[in-house]
1. Could you check the stretch C:249-270 and list, in sequence order, the residues that are modelled with pLDDT of 95 or more, within 28 Å of residue C:60 (Cβ to Cβ) and either outside the structural domain of residue C:218 (by TED's automatic domain parsing) or in a loop (DSSP other than H, G, I, E, B) (or both)?
2. May I ask you to list the residues in the stretch C:338-375 that are outside any helix (DSSP H, G or I) and farther than 30 Å from residue C:313 by Cα?
3. Which ones in the stretch C:497-509 are part of a helix (DSSP H, G or I) and either within 20 Å of residue C:81 (Cβ to Cβ) or in contact with a helix residue (DSSP H, G or I) (Cβ under 7 Å, 6 or more places away or on another chain) (or both)?
4. Given the condition assigned to a loop (DSSP other than H, G, I, E, B), crowded, with 17+ Cβ neighbours inside 10 Å and outside the structural domain of residue B:262 (by TED's automatic domain parsing), answer yes or no: does some residue in the stretch B:60-80 qualify?
5. Would you say residue C:202 is at pLDDT below 95, over 18 Å from residue C:146 (Cα atoms) and either surrounded by 19 or more Cβ atoms within 10 Å (Cβ to Cβ) or assigned by TED's automatic domain parsing to the domain that holds residue C:129 (or both)?
6. Looking at B:220, B:246, B:242, B:230, can you tell me which residue is closer than 25 Å to residue A:115 by Cβ, touching a residue at least 12 places away in the same chain (Cβ under 8 Å) and in the same structural domain as residue B:119 (by TED's automatic domain parsing)?
7. Is it the case that residue C:161 is under 27 Å from residue C:507 (Cα atoms) and out of contact with any helix residue (DSSP H, G or I) (no Cβ under 9 Å at 6 or more places or on another chain)?
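The values are calculated or read from the model by the stated rules, or taken from the named source; none is laboratory data. Everything numeric in this text was worked out from a predicted model, so none of it was measured. Please note: Cβ atoms are built from the backbone with ideal geometry, for glycine as well, and neighbour counts cover all protein chains shown.
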């Protein structure tokens, strides 16, 4: 049994403008000691889905359905008290901006002690010992002295280490890291990722790493789920995502990673267009307005997340025929632009109409 | 911090000097009417006016008079004498000060507590009936003139004029009866003075708290598994209340110059009444003394607030 | 919103100033109601009151001075007349002066140049002085009032006829040769001018209240004198003091506590002095609140007019709890006779004729505040009846209180304005206070002048500058003073008409009280003659002078003020018409 199993999770918020389908039917699971990367642009629902695991999206205007089982226990229907016992205990979380995520007016020692004592019945002194121990573990020099400092007295990287220490001080089984490196500069990013990697190894903690940057997850994760418009559009082992990505959106993400081995003057290719509205998502495949390879039928048919033939554990939600996808990626991975890739793939005849029609029929 | 306070104190002295100079200039050089003529009465002759000018040293050059005033102020702590009845101003002010202090500090406690409680409830129950009722009431309280509110309070609750007769009547406040005996006479004035402030503070706290509750560190606090109450009170309120304490300090500082209307309606012999009466009678030295006190009050409170802020918000350093 | 209990005796004070000619802008004692039927002038002496009890008087402002040589306002007078024995005083409800410290009426020499006053025996100073009062104590009281240290405000105005009286404030207390004390009970005023009746009438003022020299001189040596805080009493009451004489019962701007003077002997005094103690609160609450407390409470009285709403309430619901008395003064719009076209008598008469005086009274607060005036000497004042009573001089240009345009046009035509309206270019400068009711009544006046075609430049200035900086300064060429009033100092018509309308009193350098700058030799001559008359002749003469002034039309007289004092249901109040507020020595608890 997986440590965390999310099934058909939907999180909808009623707002004045309409219902925001922030998360619209996602399923994934994380095993103990494993790392899952959830990748997507802002607004893709990646943060909302993980906040929901913590019960932090519960609100009057939120409708949450599906199932979240942690250690076999259903969290969606758990009481607030039960959830609180989980939060910061077996599941803990760290956030994007470590400065704004730490209370500016309390010393960090105090904030860690509070975290410890929320879940462990220990004295303040013991709790402080634990806090100091954790600060040391995450690489804060002179941790006992630094426990007496305020967040603004730390550098960005050090603050994120503090956040991690706080998240780990109750020996969580699962750590949800929401964009933990986004606010940090590149060298510090690497240090933090190394730290997470090291902690995972040493503490055997499962990690859900949420990021918009595929580059970040490349080093650390086992599996990767790519989210778009509230759904998972591709899910696979890390190596498969990098070696044989199936979804045009994933291609776009991959092409936007700066690579050390690419020529300096090579342009990074951002994905054209903007993330879709979650209130009135595009009809058919929600990625179709931005997809260079869109076909007319894609605007009507909603693709399902399906196993990629011949690739175990690799799922994708794309209406393009598998052969076409492979041909396109083959071109794209050499550095060709989407138009060129499309031309080559069509010329090669890989884009067999029959495949596509069949899938479309299936879907409808 | 030490040098900061020292610098601020020096600035306060400089500021007070300018306030003194300015008020002295306004009341002595640019008066609407000659104080000597006003004092001479309707049967004045040029000789009487001259005698009064002589008595009040009005014929000395401006600077001489100013520095003599300043000298008395600095070396004898002498604020001059009332033109009207020759009473020395210092005891007048010092007798009025505790009354204003009692009124203002008591009211400040009332409005701070009410403001914070209502503001917090409103923010936590945002959008609820409770919130709407509270915020509408607040709007009414802010718009209601203190003078009117005072009369309404008296006609409703005072023991002699009120329908309900719950609190001592206007004019019963008498500091000489001792602090604790006279406190009951302050309940109504406190409530009236605090009404508008409570409302302002409630609205201020509500919006501060709403803003704070959407901060990332509140999410962190929740993610720690803290109880919602702890999140609101320990994490949310702690940040939301800090700027309000600054405002509180300044409000108190300004009110130390006198809560004129409340003091008038309830007959509390505070600085406000003193200076109001003095202004009406063109009693220059009292007006000047009271103005200086107001300036001193504001300066002191703003310094206090700044120092306090450094303790409340560790990010602030001087 | 201000209410001033510093209602000048002499004038209705400006809240903002202690100036004397005031006129407006101060006590908004008005009432908008016109159910004035309830207002009474209780002139019958009250039945015997109950002895004892403590009265609390609420008020919003302090007395001006406790020093009888310095006080010149209602509040100070109220205390002074309860705590001292002037030579002559007034009973409530009685216009004629009665001997107080004096034994009998003043003896005026045939040549009108000397006044002899006999003092009672056995009248003693209160503690700590305790000795019997002699004529020397009155003489000293006069002498000190002329000194700059004490700052008497009317000594040179009313007593300059005394031989050797200083013409300007003296440095230190100087002896006045013209006040003689042949023995302890005799006081003789030698006059350099034949003005004995006028001076005798002024012997009611606080300047006549005895001051023991041996006790007071150390205080009077200071500039300003500190006797104000060490006053020694002679009347039925005294401000509570300590063994040294320092007034412990006086808390400036807060309260004044009057207790009985143990040395006061009822046998020597006409005052009943029922009360045991009087607590005057001089820093009361809001005027409305104070008034409500008085009406609904117990053993309380208000120091001055209640606000309009409470005035009406008293008149309708608490009919036994108030008394209205004439304030003893007139309010008027002076027309500067030196400024064209106001120098033309017919133009002035036209203005008087056109003027809606009721509108001006309404602007002050309506009928409760006073009656529409038809001339100058006010109701209840000596000379009022002789001046024509309520009808006045019977001139056509003051016959209609609402104004009469036909009459006005008649006079305009007589002045050479064929259309019956002013068609010249002159612009009249009118000065008024920025605050109501001064502003409101000035606006009425402006409208009245405009009815006749005048252009009016109404300039609003701070209350305290209206007189000292404008109306009283001829050089400022103020055509119309938007608000002026003149109130009695004592019950003698001379002081009501001479300062304001005698040509020889015009002071070009400022401080001028003849605001209209009326300079009519016939009127001046009549005044000079009347000054030497006594008794009915005197009143008749001043009644005629009043009529002459009306016929010279130097001002629009528009209201005779009333003062209304309210008290609690268990109080038997009595208002003294002389100083127009409660007489502590005649008031009792039921």
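1. C:261
2. C:338, C:339, C:340, C:341, C:342, C:343, C:344, C:355, C:375, listed by residue number.
3. Residues satisfying the conditions are C:497, C:498, C:499, C:501, C:503, C:504, C:505.
4. Checked the stretch B:60-80: at least one residue is assigned to a loop (DSSP other than H, G, I, E, B), crowded, with 17+ Cβ neighbours inside 10 Å and outside the structural domain of residue B:262 (by TED's automatic domain parsing).
5. No, not satisfied.
6. B:242
7. So residue C:161 does not fit the description; no.
For every residue, the table says whether it meets (1) farther than 23 Å from residue C:533 by Cα; (2) modelled with pLDDT of 90 or more; (3) surrounded by fewer than 22 Cβ atoms within 10 Å (Cβ to Cβ).
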position	(1), (2), (3)
C:175	yes, yes, yes
C:178	no, yes, yes
C:184	yes, yes, yes
C:208	no, yes, no
C:211	yes, yes, no
C:231	yes, yes, no
C:234	yes, yes, no
C:237	yes, yes, no
